[in-house]
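Worksheet for the structure shown next.
Readers should treat all values here as calculations from the given coordinates under stated rules, not as data from a laboratory. All values derive from a computational prediction rather than experimental measurement. As a convention, Cβ positions derive from the backbone with ideal geometry for all residues, glycine included, and neighbour counts pool all protein chains shown.
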Amino acid sequence: MRGFVVLIMLIISSSGLFAGEGMWLPQLLRLLNEKEMKSMGMKISAEDIYSINKGSLKDAIVHFGGFCTSEVISSNGLLLTNHHCGYDAIQSHSTVENNLIRNGFWAGSYREELSNPGLTATFIDRIDDVTTRALTGVTAVMSASERQSAIDKNLAEVRKEYRLESYQELIIRPFFDGNQYFAFVTTVYRDVRLVGAPPESIGKFGADTDNWVWPRHTGDFSLFRIYAGKDNKPADYSPDNVPYKPKHHLPVSMDGISEGDFTMVFGFPGRTTQYLPASAVRQVVNTLNPARISVRDAALKITDQYMRKDEATKIKYAAKYASIANYWKKWIGESQGLKQSDAVNKKLEYEAAFTKRLPSGSPYAGLLPELDRLYSAIEPYALAREYYTEIALRNVDLPSLMGGLKRMISAYEKNGEAGYKEQLARVQNFIPEFYKDFDSNIDQEKLGTLLTMYADKLDKKFVPDFLQRENLGIAEGESYDKMVADLYTLSSFTSEKEATGILSLSPEKAVQAIKSDPVYAMSSAWADFYANQISAPYNEIKKEIDLKQAIYTGAQMEVFKEKRFYPDANSTLRVTYGQVNGYKPRDAVAYSPVTYLDGIIQKYVPGDYEFDLQPRMLELYKNKDYGPYADKTGKLPVCFLGSNHTTGGNSGSPAIDAHGNLIGLNFDRVWEGTMSDIYYDKDICRNIMVDARYILWVIDKYAGAKHLIKEMTLVHPKKGKTSKTGKSKAKS
């Protein structure tokens, strides 16, 4: 099977793929994509994009905090990423008296830039194919556990072969559902400081209403800077650290974009599942997404009510609310897009073609029916798993804190005081951050509402006895609100002071106090029930699904020899390319690919937290003070669309032009096309980017931070003045 994978990976034919589809490994562009990219207008080479022998575009692309992408845009380590990617950092420096979320922030000098403990910037040094080593001894007759055990042993040996510097890390990831493996050598910088952020009236303009929606008018960007030791290597935070000197930084194009222009997005997409069978897609649409959406819908409504009443609460919950709302709305659009594009039936047609091509006696003959059976078997457990994780781990805070305490108690019971103290240090470090953004009243109301939903929506076998209504004296159909209110009233962990007091006790007394806490007792017992009655059977079936999926993915590549395959996203460095394009989401509706500042003014609603504007913005618009950043028509572009295949993790990725210059900043997808994680439809899948000229205008004209503009390399590639290396500057 491995031979077929390698063979198919080297096929140049683009049959069966739209030019915008695919998340490609940068080291394989020369073999797989360069010819097509050049036919679409790209002027640079694959070597300019990825090289281990010289500075290339990859050396300007940063995995920001492990959850977003950012890019280096100056020779002094200046980083550009999304406002929503930097939101936690912006929030952490905000108070009611100095609200950086509301007012924005612009450091006037290096010494004013704000440190962010724990925030990292990771570069890719090189990528190695380790498939042969990883799959040595792996056979088709192995069980899921045997296969994974063999691969784990092989990869342990592979890791021993790497000699890394103290600041380097080695990441090995599976591709094509375990049919291929690549190793990534990375360098991680640990001193990343906040440099600038627009107010939320720019960086979050449109907030939840416009999220995932086109037309979009959001200046979703923020600026950070990487600091290094005097030797330019990673170092822990120190006042003595200096701005990082990159191997390459992205020049910024002043020429903007036109419809049909080549666009490339370079970043770290999180997760896609393009090669799933129809039964899996059907389960997402009909079962899993509705559960996720309903839980988050209820939790968000409760939180929103409190945030609208109080400024301090809004600051406290801003980042959490945005994070929860983001995927809530994405799942709604994803489900609608999958239905609208008829994805399930198209998958079934594809599967019929796959089956028809199988020769007599093929080992793949029963593969799809077996996958259908497994997805049917896992569905009730998958549904219960979604409800539990959405409630206990994502949308309610106190039960998630109890998880950390449970690990601490487990360490005490296994390893005594030594184990306890090791876990205690982690919990104590987490406590201040947890309570800074915690409100007991909000949390209590959410848990009462969501526990009621859990009991109402699931089969009784997934509701533990201690949460069954009849065992709690709760009438059928009544809510769990009073029970939860009693738990929170009696708990010591609704208060940071009381929690800190318990953790300061001797290990024996602290463990006793924690175990007697009612919220801990409920959360701990619920976690045990989940582990045994939901997670364990789910994982057993999932192992078989993963094994069959690996076989199915490999089989697709064997059967459809004319098709060019790309690996699913897995938070590793990828290139996706397309063009500036509008789209037609439905009958009689057609969207052009560019929005302007005029649209922001049209959406302006004084006093509305989503669409309010600060006086400075209104003044600049009234005076048409756009500086050199307006387009040929005299209007200021704000956002634009492309046909690039993106997903979560691509937030903050640079939009790069044909010459290798920055033209925008990726931050979203259109609502109708969010199903591109599962099924890519060339007609409606579009990514949304902030125009680089709008970013420059906000920094320069709105914020007056001209010193930041001066450290960038501004170019005019369409006027014949281009820069591949950042060394050749064009006048702006």
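Quick look at the values:
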{"read-out": "Dipole magnitude of region 278-551 about its Cα centre (Cβ charges: Lys, Arg +1; Asp, Glu -1), debye to nearest 20", "value": "820 debye"}
{"read-out": "Span-like helix ranges in the chain, DSSP H, alpha carbon extent 15 angstrom or more, Kyte mean at least -1.0", "value": "289-309, 311-340, 343-357, 367-388, 397-436, 440-457, 518-529, 536-559"}
{"read-out": "Amide H contacts under 5 Å for residue 105, placed H, 5+ residues apart", "value": "197"}
{"read-out": "Helix-derived mean residue ellipticity, 222 nm - over the chain, DSSP H n ≥ 4, -39500 (n - 2.57), to 500", "value": "-13000 deg cm²/dmol"}
{"read-out": "For region 558-701, alpha-carbon Rg relative to the globular expectation (2.2 N^0.38 Å, N residues)", "value": "1.22"}
{"read-out": "Between region 366-382 and region 404-449, the alpha-carbon center distance in angstrom", "value": "37 Å"}
{"read-out": "Cα-based reach from residue 314 at 24 Å (exclusive), listing lysines while leaving out same-chain residues under 8 positions away", "value": "204, 301, 329, 330, 436, 446, 497, 603"}
{"read-out": "Normalised contact order of region 395-547, rounded percent, pairs of Cα under 8 Å and 6 or more residues apart", "value": "28 percent"}
{"read-out": "Value of relative contact order over region 541-662, rounded to a whole percent, pairs C-alpha under 8 Å and six or more apart", "value": "28 percent"}
{"read-out": "Isolated Cys residues of the chain, judged by Cβ distance under 4.7 Å to other cysteines", "value": "639, 685"}
{"read-out": "Relative packing of peptides 417-424, 628-635 - highest average C-beta neighbours within 10 Å first", "value": "417-424, 628-635"}
{"read-out": "Residues with amide H under 5 Å from that of residue 181, placed H, sequence gap 5 or more", "value": "130, 131, 175"}
{"read-out": "Amide H within-cut-off set for residue 653, under 5 Å, with H built and near neighbours excluded", "value": "69, 666"}
{"read-out": "Sequence ranges 373-380, 580-587, ranked by mean other-Cβ count within 10 angstrom, highest first", "value": "373-380, 580-587"}
{"read-out": "Pair residue 407, residue 231: separation of 7 Å Cα→Cβ label points (nm)", "value": "3.2 nm"}
{"read-out": "Sequence-distant lysines (8 or more away, or on other chains) whose Cα lies within less than 18 Å of residue 58", "value": "43, 233, 245, 247, 724, 727"}
{"read-out": "Hull shadow area, averaged, region 644-708 [alpha-carbon convex hull, nm²]", "value": "5.5 nm²"}
{"read-out": "Region 326-377 shape via C-alpha gyration tensor axes, a/c threshold 1.5", "value": "prolate"}
{"read-out": "Whole-number Å³ per residue for the convex hull built on Cα positions in region 531-623", "value": "316 Å³"}
{"read-out": "Shape box of region 370-446 [Cα atoms, principal axes, largest first, Å]", "value": "48, 35, 15"}
{"read-out": "Whole-number D in µm² s⁻¹ for region 153-292, Kirkwood Cα-pair radius fed into Stokes-Einstein, 20 °C, 1.002 mPa s", "value": "104 µm²/s"}
{"read-out": "Listed peptides 277-288, 153-164 by packing density, highest first (mean Cβ within 10 Å)", "value": "277-288, 153-164"}
{"read-out": "Size of charge dipole - region 570-672 - debye, nearest 20, with Cβ of Lys, Arg +1 and Asp, Glu -1, no other charges", "value": "220 debye"}
{"read-out": "Alpha-carbon radius of gyration plus Dmax, which is the widest Cα pair, for region 278-551 in Å", "value": "22.0, 71"}
{"read-out": "Distance cut-off 42 Å, percentage of C-alpha pairs in the chain lying past it", "value": "31 percent"}
